[in-house]
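The structure under discussion appears below in the form of structure tokens.
The values are calculated or read from the model by the stated rules, or taken from the named source; none is laboratory data. Predicted model only: the values in this text are computed from it and were never measured. Cβ atoms come from the backbone with ideal geometry, glycine included; neighbour counts cover every protein chain shown. Areas reflect the complete protein model, heavy atoms only, side chains present, ligands, DNA and RNA absent. Shrake-Rupley method; radii C 1.70, N 1.55, O 1.52, S 1.80 Å.
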Amino acid sequence: MLESNRLLYPRISEIKPSSDQTGNIGANQGQSPAQDILDEFNRYVMNDIPIRLIYLPTMELVGRNFVKNHFQDHIKEITEDLIAEAQARFVPPLAREKVIPTLVRRKVEYAIFSHRWLDTGEPSYQDMMEKKLSDPSNARHSLFDIKSRPKCGRHASFISRSASENKARSPGYEKLQKCCEEARRLDLQFLWSDTCCIDKNSSAELDESIRSMFRWYQNSSICIAYLGGSTVIEDLRLEEWFMRGWTLQELLAPRKIKFFNKNWQPLTDQDDDKEEDTPLMTVLQEVTGIPESELIDFEPVPRYIDKRMTWAAQRRTTRAEDVAYSLMGMFDVSLQIAYGEGGERAFGRLIEAIMQAGGDSSVLNWAGKPAKHHASFALPASPASFVGHPDIVTIGRLDMMLTSRGLRIALVILSLEMAKPEFDGRPIINPKFHCPNLGIGEVKIDSRGYEFKPLFRQYALGIFHYIPAEESVNPGLPKQVAAYLLERNEVEPEDTPLLGLLRQYRSFEDGWRRVPTGFIYVELPGVPDFASLWYVDRSCLETVYL
């Protein structure tokens, strides 16, 4: 959608029936919706909402079939007039298949809970299924006083008040109860909480839940966020909620979010805390390092990897693998969940999935020591590897693939000359490099303590920030380029090549290797401005395995 259209017209999700259509909706409620509406409704409920939700009127866990039956009549409110109005709000008018999914999503409403887990006492799926919860304080809408009874399409979850009146209510139970109360105030009848709505004993269900969680937050009507360490907005600077890994997607994904402090008082007077130019938004930008535009309207795509990784660099997770698993929704990729594989291996699989999905060169814009990986020394170890990255503008998609020989990628190779001091048997620290190509001259490199051997090494800049060459055009370099420092063993040419060899043989061990330096950002003196490109000969392009 064009940016001008976004300014002139509201989002589809904001479309509501006008007053003169209300009567039409009532008149059409007895009619069956068109088949494409029903098909989209069935697809959405069975795929894009949580596996099970808490049904707030009875406080029972219910599955997707129950939710589908509940909202069946609501779908009848999607009339042809409403579809036509939604289409006409855009120029040119949106196609019908673009409008219907959003209108369906608006009808299937549920709240979703975001919070910091307590060390103990959080209500679990097993607690609910084993009917262990109780609360004698509320006779009607209590979290724990509904008598257990089997119902079609539901899982009974709680025992009667009389069976456990003396059981102490834990902070985790109280927290969930308060969240349910807030959801009811919003006239919502369904709520999802990660503590008790996932059967974590089922590996298949856990896998699906983690892969789908970003989408579940994104499709919710509102995210209720509980900040257990804050009273006022200024407290957010030390709030633990902003230091955890999973809450990053819980902040970005929802269309609407409402923050509550530790006393369950609203942090602001707004209905939706994702509003522009508010004191809360100012603090959120400072605390998270995320621009306001991204906080309000985040798009999950496999791009801007360097920038988005820095948002997660200081966040922590209990399980090492969750660093990667909690980020895949932000980049719109999917990973198989494999707890026990280790944090670096999981993060490497995330990077590989992003490379395959987008080819955005910003995924290469990291520095320092690589992850411990069996195939490549060119994969970052964690989001912290991207901290301090130079700003580069994505100007082309690169062909990247992780192979058994390493990360295969085509780089623009520019030879470097290292000023070699008199050899005294010791390695060289922080040597000076010169690049005579393109008039660059001296290249300043932070070697971060890497020990260079003064003999038998070749060095080069491996530029990954360029416009890939088309069939009739050479690769183009912008005024400022980002690159790796590469090294390889020198191979002396043979005076008499072996019979049958067409070129000098170079073993895999003698190929280019990435040196673990700091960020390298070079300005090309021959490029007049940032809108221009320097086209280099195709011979500078070399496919390497790093």
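Between the DSSP loop rule and a limit of at most 14 other Cβ atoms within 10 Å, which GluC sites (Glu not before Pro) in region 261-319 are left?
On the way: sites: GLU275, GLU276, GLU286, GLU292, GLU294; in loops: GLU275, GLU276.
Listed in order of number, the matching sites are GLU275, GLU276.
Which residue, MET328, PRO370, ALA313, has the largest displacement toward the positive end of the dipole of region 255-370 when charges sit on each Cβ (Lys, Arg +1; Asp, Glu -1)?
It is PRO370.
As a test question: what accessible area, to the nearest 10 Å², does LYS256 have when a 1.4 Å probe is rolled over all protein chains in place?
For LYS256, solvent-accessible area is about 80 Å².
If you average the alpha carbon positions of region 31-79 and of region 390-405, how far apart do those two centres end up, in angstrom?
Comparing the Cα centres of region 31-79 and region 390-405, I get a distance of 41 Å.
Compute, for HIS74, the solvent-accessible surface of its heavy atoms (probe 1.4 Å) with the complete set of protein chains present, and express it in square angstrom to the nearest 10.
70 Å²
When the Karplus curve 6.51 cos²θ - 1.76 cosθ + 1.60 is applied with θ = phi - 60°, which whole-Hz ³J(HN,Hα) does each residue of region 388-396 get, with x for Gly and Pro?
Values per residue, Gly and Pro as x: x, 5, x, 7, 10, 9, 5, 10, x Hz.
Rounded to whole Å and sorted largest first, list the principal axis extents of the Cα atoms in region 308-448.
On the principal axes, region 308-448 reaches 52, 36, 31 Å in Cα extent.
For the full complex of protein chains and a 1.4 angstrom probe, list THR282, THR318, THR517 by accessible area with the highest value first.
Numbers: THR282 70, THR318 120, THR517 5 Å².
Reading off the accessible areas and sorting them downward yields THR318, THR282, THR517.
Considering amide H positions built from the backbone, and no H for Pro or chain starts, which residues 5 or more places from LEU379, or on another chain, come under 5 Å of its amide H?
Here the answer is ALA371, since their amide H atoms fall under 5 Å of that of LEU379.
Can you list which of the chymotrypsin sites (Phe, Trp or Tyr not before Pro) found in region 387-492 are DSSP loop residues with at most 14 other C-beta atoms within 10 Å? Numbers along the way, then the final one.
On the way: sites: PHE423, PHE433, TYR450, PHE452, PHE456, TYR459, PHE464, TYR466, TYR484; in loops: PHE423, TYR450, PHE456, PHE464, TYR466.
Sparse-neighbourhood loop chymotrypsin sites (Phe, Trp or Tyr not before Pro): PHE423, PHE456.
Taking a 1.4 Å probe, which of ARG308, ARG244, ARG211 shows the most accessible area, and what order do the others take after it? Let's see the in-between values first.
Numbers: ARG308 5, ARG244 40, ARG211 90 Å².
Most to least solvent-accessible, the answer reads ARG211, ARG244, ARG308.
Taking θ as phi - 60°, what are the ³J(HN,Hα) couplings along region 358-372 by the Karplus curve (6.51, -1.76, 1.60), each to the nearest whole Hz, with x for Gly and Pro?
Each residue's phi maps through the Karplus curve to give x, x, 6, 5, 5, 5, 8, 8, 9, 9, x, 6, x, 5, 7 Hz.
Over region 58-133, what percent of the accessible surface lies on carbon and sulfur atoms, probe 1.4 Å?
Numbers: 1610 of 3300 Å².
With neighbouring chains kept in place, the figure for region 58-133 is 49 percent.
7 Å from Cα along Cα→Cβ at both ASP277 and ASP207: what's the point-to-point distance in nm?
A separation of 5.0 nm, rounded to one decimal place.
Set the bar at 32 Å for Cα to Cα. Now go through LYS178/LYS200; LYS200/LYS262; LYS200/LYS256; LYS68/LYS262; LYS68/LYS258 and name every pair that lies beyond it. Could the numbers behind the result be given before it?
Working: LYS178/LYS200 24 Å; LYS200/LYS262 28 Å; LYS200/LYS256 27 Å; LYS68/LYS262 35 Å; LYS68/LYS258 26 Å.
From LYS178/LYS200; LYS200/LYS262; LYS200/LYS256; LYS68/LYS262; LYS68/LYS258, over 32 Å: LYS68/LYS262.
Rounded to whole Å, give me the distance from the Cα center of region 426-474 to that of region 191-258.
44 Å
Taking the Cα centre of region 302-368 as the origin, how large is its charge dipole in debye, to the nearest 20, when only Lys and Arg (+1) and Asp and Glu (-1) carry charge on their Cβ atoms? It would help to have the intermediate numbers written out before the result.
Working: 8 positive and 8 negative charges, 42 e Å.
About 200 debye.
If N is the number of residues in region 247-366, what value comes out of its Cα radius of gyration divided by 2.2 N^0.38 Å?
Working: Rg = 15.8 Å, N = 120, 2.2 N^0.38 = 13.6 Å.
Dividing the Cα radius of gyration by 2.2 N^0.38 Å gives 1.16.
Once the Cα gyration tensor of region 237-296 is diagonalised, what are the square roots of 5 times its eigenvalues, in whole Å and ordered largest first, as equivalent ellipsoid semi-axes? Mind showing how you got there, number by number?
Working: eigenvalues 48, 44, 27 Å².
For region 237-296, the semi-axes come out at 16, 15, 12 Å.
Please state the relative contact order of region 213-350 as a whole percent: Cα pairs under 8 Å, 6+ residues apart? Please list the in-between numbers first.
Working: 198 pairs, mean separation 32.8, N = 138.
Taking the mean separation of contacting Cα pairs over the length of region 213-350, I get 24 percent.
Per residue of region 93-100, in order, report the coupling 6.51 cos²θ - 1.76 cosθ + 1.60 (Karplus, θ = phi - 60°) as ³J(HN,Hα) in whole Hz, putting x for Gly and Pro.
Working through the residues one at a time gives x, 6, 5, 4, 5, 7, 7, 4 Hz.
Can you tell me which of 519-525, 50-56 comes out highest on packing, and rank the rest after it, using the mean Cβ neighbours within 10 Å? Working shown, then result.
On the way: 519-525: 17.4, 50-56: 23.3.
Result, highest mean Cβ count within 10 Å first: 50-56, 519-525.
Taking amide hydrogens as modeled 1.01 Å from N in the peptide plane, which residues meet the under 5 Å criterion relative to ILE520, leaving out close sequence neighbours?
Under 5 Å from the amide H of ILE520: ALA483.
Could you give the length gained by full extension between GLU451 and ALA384, i.e. 0.36 nm per residue of separation minus their alpha carbon distance, to one decimal place? If you can, show how the numbers build up before the last one.
Numbers: separation 67, 0.36 × 67 = 24.12 nm, distance 2.28 nm.
Separation in residues times 0.36 nm, less the Cα-Cα distance, equals 21.8 nm.
Say R0 is 30 Å: what FRET efficiency, to the nearest 0.05, do ARG426 and ARG319 get from their beta-carbon distance?
Details: r = 43 Å, r/R0 = 1.43.
Step by step, r from the Cβ atoms, then E = 0.10.
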